[in-house]
Amino acid sequence: MISKCPFSFNAVTSYPDAAKATTTTTGTTGKDGSRSTSPVTVITNLANPRSSDGMGLPTELSTATIDMIVATAPAVAPKMLDITKCFYSKVLSKHPALLQWFNPAHNVPNSDHQPMALAGACIAYATNIKDLTPLLVGGGPVAAICHRHAALAIFPGQYVVVHDNLMEAIGDILGDIVTPEIAAAWSEAVLFLAKAMIDTEESLYKMAEQRSGGWSGFSEFDVSEINSLTEDVKQISFKPPAGGVLEGSTFEFTPGQYLSLQIDMDGDNKSAPRHYTVTSPVNADYLQCTMKKIPGGKLSTYVHEQLKVGDKVTLSAPFGVFVEPETEMTSTVLMSAGIGVTPMVNLYRSKTTDVKLIVHVDKTPDSHPYKGYFDDSGIDTLYKYTKVDGRPVVSELITETLAKAGKDNEFYICGPEKWMDDIQKELLANGAKKVICEVFGSQLATGCPFFAGN
């Protein structure tokens, strides 16, 4: 018997339309206890019910549930990837409109990437069920997932679909071993986490709405400029359409964050958004991303071959946890490979980074995006070109990096997954103060930590 969610929700999806301005009221409490309200204009297209209010979700985990998860996690963990693969097969076959949220290249039957990410999240949750602090830390796994959900305009009703199909998948894979008591415990654990994430995502939506030029959900933009940086890298700029609710806005975000680009390429409302680092300056009157053409990449190929100035797209507001340090003048080293250079553009511009060294690996100088930008920065650089110098040995690259910049820095790393994993391990082994990694995809499907330090 697999437990059901206590809250039902009929609508499964809501395809993004242009965000609209709505006026709501906000209340404040004075020192004398009196309440006053004032009108606030919010730009959003999130038409579905928001927040966890009324969903009947647990606000805490019972001792019995915690004990049951601890007892069963060792048996469930080895089967978790099978469970998540089963889950995605179920949920996408029952609700094909959900393909609007999932890149098919990263999911069953084409790839195990998304199931691996969910499996990693489930195992981390079960393993830390007695103390969730390591997962809830700022910039950590839960924050990263919630930022991605907010970027996709996920809404509370979808957690019901996730819960019910995940519980069915657990039953299908584990069979009769799932007693009513085990099912009830895992159900409560899933629902408790759902509430925590729904509440966090609502706070992110409100944050996005309150920023300069802010909105929640997806909003329509015009392609205002396209520039070729290299043979296979283009820089695409977007402005709000004339007469739109965001016309004339300047766009606030945190350096390092990404925007989400959605183009209905096939006219079937099933083209999932892709996420690209914002490379326009903070508070510019336009948004911009820089995109490499990926062989077989549907959206990147479309952008490189068909998108033109004047076309309309939809964007969600910038989100993400690979962001500038909180403390001003933090000694920083930026390390990237290939298109992983894009977050470094605004991290260099940040008011809180004191960049000591810029390290980049690419094929050739001509294939190196933003080379001229960083050359003109006046910051010390360390470039390695694989078709000129050969592929750099990681240990030698780290030795050279530390000789130039020292260990007492925060090292921001972005590039291919294995390269990042090797780089961060070598840095930590050599005493680096802190490493922060950004995976272009689902980080929990990789071995790269969000951050680690000595």
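Miscellaneous remarks
- A P(r) calculated from all alpha carbon pairs of region 322-452, with 10 Å bins opening at zero, reads 13, 49, 35, 3 percent.
- Over region 330-453, relative contact order from alpha-carbon pairs under 8 Å, at least 6 apart, %: 25 percent
- For the chain, the average shadow cast by the Cα convex hull is 23.7 nm², which is a quarter of the hull's surface.
- Note on region 341-400: semi-axes of the ellipsoid equivalent to its C-alpha gyration tensor, largest first and rounded to whole Å, are 21, 14, 9.
- In percent, rounded to a whole number, the relative contact order of the chain is 16, using alpha-carbon pairs under 8 Å and six or more apart.
- Approximate shape of region 218-319 as ellipsoid semi-axes (Cα gyration tensor, √5λ), whole Å, largest first: 20, 16, 13
- Remark: the residue 105-residue 265 segment gains 56.1 nm on full extension, using 0.36 nm per residue and subtracting the alpha carbon distance.
- Across region 218-319, the mean sequence separation of Cα contacts (distance under 8 Å, 6 or more residues apart), normalised by length, yields a relative contact order of 38 percent.
- Theoretical FRET efficiency, 1/(1+(r/R0)^6), r = Cβ-Cβ of residue 64 and residue 203, R0 30 Å, to 0.05: 0.50
- Net charge contributed by nearby residues that have their C-beta within less than 12 Å of residue 91 (K/R +1, D/E -1): +1
- Overall Cα dimensions of region 142-289, principal axis frame, Å, largest first: 59, 35, 27
- Placing a label point 7 Å from the Cα of residue 331 along the Cα-to-Cβ direction, the residues of region 354-388 whose backbone N falls under 13 Å of that point are 354-357.
- Which of 201, 326 has the fewest Cβ neighbours within 10 Å, and the rest in rising order: 326, 201
- Paramagnetic label zone (point 7 Å from Cα along Cα-to-C-beta, residue 354; backbone N under 16 Å) in region 430-446: 433-434
- Pairwise Cα inverse-distance average, inverted: Kirkwood Rh of region 78-119 (Å): 10.1 Å
- By the count of other C-beta atoms within 10 Å, a proxy for reagent exposure, 400, 209 are ordered fewest to most as 400, 209.
- Within the chain, DSSP assigns beta bridges of which about 65% are antiparallel (rounded to the nearest 5).
- Approximate spin-label separation residue 252-residue 389, in nm, with each point projected 7 Å along Cα-to-Cβ: 4.1 nm
- Dimensionless Rg over Rh [region 162-248; C-alpha; Kirkwood]: 1.28
- Listed peptides 63-73, 311-321 appear in the order 311-321, 63-73 once ranked by packing, highest mean of other Cβ atoms within 10 Å at the front.
- Across the alpha-carbon atoms of region 20-210, the computed radius of gyration and Dmax are 18.7, 61 angstrom.
- Surrounding net charge for residue 64, when Lys and Arg each add one and Asp and Glu each subtract one, Cβ distance under 14 Å: -3
- The simple Förster model, with R0 at 22 Å and r as the Cβ-Cβ distance, assigns residue 376 and residue 212 a FRET efficiency of 0.20.
- Exceeding the 19 Å Cα-Cα cut-off - candidates 351/425; 234/351; 239/270; 90/195; 293/363; 387/434: 351/425; 234/351; 239/270; 90/195; 387/434
Here, each number is a calculation from the coordinates, and none is a lab measurement. None of the values given here were measured: they were computed from a predicted structure. Cβ: placed from backbone, ideal geometry, glycine included. Neighbour counts: every protein chain shown.
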